[in-house]
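See below for the structure under consideration.
The values are calculated or read from the model by the stated rules, or taken from the named source; none is laboratory data. Bear in mind that the values here come from a model prediction, so they are computed numbers and not experimental data. With ideal geometry, Cβ positions are generated from the backbone for all residues, glycine too; neighbour counts draw on all protein chains shown.
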Amino acid sequence: MTAPPDFAEFYAATFGRLAAQLHAFTGDLAEAQDLVQEAFSRAYPRWERIAAYDDPAAWVRRVAWNLAISRWRQVRRVMHWRRDLVADDIPGPDAANVDLIRALRLLPAKQRQVVVMHYMSGLSITEIADFTGAAEGTVKSWLHRARTALAVHLETSEEVSRG
């Protein structure tokens, strides 16, 4: 069974961007790629219907984010029971990315999600509110709190690396 040409084109055009978003959320590129791959594998059997949507990428993005959040909840439960585990260092292509991903991982899940969706996906406040089911004011509040926390975390990280 081969993919319809429009599915293959859609996949090629959207996989990398979505994987980058989830990499920022999860802090693990391989996990992010797995989550996006799973979302596409769920879209494939429904492609005829999904392709007719105004924004098929939104459907795949929703599935991928739902999978990421479910995985995050699983990890959190395991960490609760195994407090003796130490988080692995986050691999990254350069020190700035490593610092950013570490700082993102310190944020609460919703704040991390809206930061990634707004700054990496380019989604508007309204689009994020629709996606998360939260009020626009709540999304703005999450973004504000996340930016404030990131500034502190990144400043602290910079001071540590300098001295």
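Considering only region 128-152, how many residues are farther than 26 Å from Pro56 by Cβ and either surrounded by 18 or more Cβ atoms within 10 Å (Cβ to Cβ) or not assigned by TED's automatic domain parsing to the domain that holds Leu106 (or both)?
5
Out of all the residues in region 115-149, which are more than 14 Å from the chain's Cα centre (by Cα) and not in a helix (DSSP H, G or I)?
Correct list: Ser124, Gly133, Ala134, Ala135.
Which ranges mark the helices (runs of 4 or more DSSP H) fully within region 1-52 that have 2 or more residues being aliphatic (A, V, I, L, M) and surrounded by 17 or more Cβ atoms within 10 Å (Cβ to Cβ)?
Those helices (runs of 4 or more DSSP H) span 5-26, 29-43.
Restrict the check to region 97-105 and report whether at least one residue is at pLDDT 90 or above, more than 19 Å from Asp6 (Cβ to Cβ), of a type in the set (A, V, I, L, M, F, W, C) and under 11 Å from the mean Cα position of the chain (by Cα).
no
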